[in-house]
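Notes to accompany the following structure.
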Amino acid sequence: MKWFTKSDSTIGFLPDETPPFWKLLLYAIQQVIVMFPATITVALITKFHISTTIFASGFATLCFILVTKGKIPLYYGSSFSYIGAIVGLVGADYLSSVAILPDEWISIVTFGIVMSGFISIAAGILVNKLGKDVIDKILPATITGPIAMVIGLTLAGNAMADASPAVAGPGLVNNLPWIVSLTTLIVTILFSVYLKGFLSQLPLFLGMLVGVVVAGILTAATGSDLFRQLPAEVARQGIFALPHFTIPTVHWGAALAIMPVALATIPESTAHIYQLDVYVNDLAKKIGTEKKYDLASRLGSNLIGDGTGDIVAGFMGGPAGTNYGENISAMAITRVFSVPVLIAAAIIAMIIACFTPLVKAIYSIPLSVIGGLEIYLFGAIAAQGIAIMIEKNVDMFSAKNIAVIATICVIAIGGQYYFGGMIPFFGAQLPALATASIFGIVLNAVLNIGKRSDHHEEPA
């Protein structure tokens, strides 16, 4: 339904508008292209089935739109934030030794993903009932910022290992992966910094393409195959095949390891909905409609939608996700915020997931290319944690804040690198990231009690 007549000078589509069919199709393909690199990279790193990951992304997006009643134009894609918890749970050495995680492990991990969805849903319900301030009190930037930081930093070892996989051969041949990974890293950074417009949303995709081309040239020149062998179950598939679905298995250790990560994604999701609110209402104002799109007030619904997406993806055997900033940026550039476009994009993604030649091509991407991307991506996650604290004006001279930040960082990072991600404690094995998160939340709450009592005593 059109709420107004567009002026000739302003082109765009608001959330409740539907573009003409061919435009809708092109806009939808564009949204798929934007989400694709990050989503498949998560699958490649965590060793989840690529076809399942893509399919789950599309289906979870449809569920998100349904839960939010078609009011919020967001795309659900796989999240990098959960990689550290998955690596810590499964074990980095084991993860690097397999092409695809066995069903037993996927079932265990996805139980944690499903349970993490309930964290987001609970946060959304709290926001709807009590307002956003309650989340800020329970999860201030002194907690969410460091959690985001350690999510990236605990993966640094994995990034460097993937950037330099062993290649049989003497001298230079053994160092070929470094050439590929460093080239991938540098060009991805250059693309992210210098590209403009629509291309600025595709640095991962373009960097990956360059890395693959370089790997192909080196393979042809030296005879050393830098590309990965296809998993047997993928190699024997025909042109079309349904994704490999896996049902979660109850495992409370996995839940404990993965659920706290949802806490770190809440600020990101909040920022996205506020960002979208500005973009949509700016377009509405320029076009001249009197209709208001108060998306910022739908933060609670957005978090509930995110949690629903995690539950849906987990039950399909896919990784956890979040609403994608890349897709928001693409919408901002094109000024197309149409929910029907995102519905079409989700359906296209589900269709692509069944197209086996594309899936096979993705599986063959050299590990060194993935490693080059990881160095940049994992560092960017850590930087986002710093950005959260800067944006919220965290006082770094406060003894309380330093205590909370310091303990979260050391417990998580130390637990990852000294204990391999599982901290032995009185006979139990505690996931490093989860332990750090819970300790930080409890410590912050305890220190705030003392702080409140001090304030009460001052007037006397």
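The values are calculated or read from the model by the stated rules, or taken from the named source; none is laboratory data. Just so you know, these numbers come straight off a predicted model, no measurement behind them. Ideal geometry is used to build each Cβ from the backbone, glycine not excepted, and the neighbour counts take in all protein chains shown.
Could you please tell me which pairs satisfy a Cβ distance under 7 Å, a separation of 6+ or placement on different chains, a first residue in the stretch 232-243 that is within 16 Å of S364 (Cα to Cα), and a second residue that is among the hydrophobic types (A, V, I, L, M, F, W, C) and surrounded by 11 or more Cβ atoms within 10 Å (Cβ to Cβ)?
V234/V359
Looking at the stretch 294-304, can you tell me whether even one residue there is surrounded by fewer than 22 Cβ atoms within 10 Å (Cβ to Cβ), out of contact with any helix residue (DSSP H, G or I) (no Cβ under 7 Å at 6 or more places or on another chain) and within 15 Å of A123 (Cα to Cα)?
Yes, the conditions are met somewhere in the stretch 294-304.
Do we find that A257 is over 28 Å from I438 (Cβ atoms) and either part of a helix (DSSP H, G or I) or of a type in the set (A, V, I, L, M) (or both) in this structure?
No: the conditions fail for A257.
Given the criteria over 25 Å from G88 (Cβ atoms), at pLDDT below 85 and crowded, with 22+ Cβ neighbours inside 10 Å, does I151 qualify?
No; evaluated as a whole, the condition is false for this residue.
Looking at (1) touching a Pro at 6+ places or on another chain (Cβ under 6 Å); (2) closer than 20 Å to S79 by Cα, find the lone condition where V339 falls short.
All conditions are met except number (2).
Output the residue which, of all residues in the stretch 123-140 that are over 19 Å from the mean Cα position of the chain (by Cα) and of a type in the set (A, V, I, L, M, F, W, C), is modelled with the highest pLDDT.
Looking at the filtered set, the residue picked out is I125.
Would you be able to tell me the number of residues in the stretch 266-302 that are assigned to a helix (DSSP H, G or I), touching a residue at least 12 places away in the same chain (Cβ under 8 Å) and of a type in the set (K, R)?
Result for the stretch 266-302: 2.
I'm told T334 meets every condition in (1) over 30 Å from W22 (Cα atoms); (2) among the hydroxyl-bearing types (S, T, Y); (3) touching a residue at least 40 places away in the same chain (Cβ under 8 Å) except one. Can you identify the failing condition by its number?
(1)
Does V410 satisfy being touching a Pro at 6+ places or on another chain (Cβ under 8 Å) and either part of a helix (DSSP H, G or I) or more than 22 Å from S97 (Cα to Cα) (or both)?
In short, no.
Restrict the check to the stretch 104-114 and report whether at least one residue is aromatic (F, W, Y), surrounded by 22 or more Cβ atoms within 10 Å (Cβ to Cβ), at pLDDT 90 or above and in a helix (DSSP H, G or I).
yes
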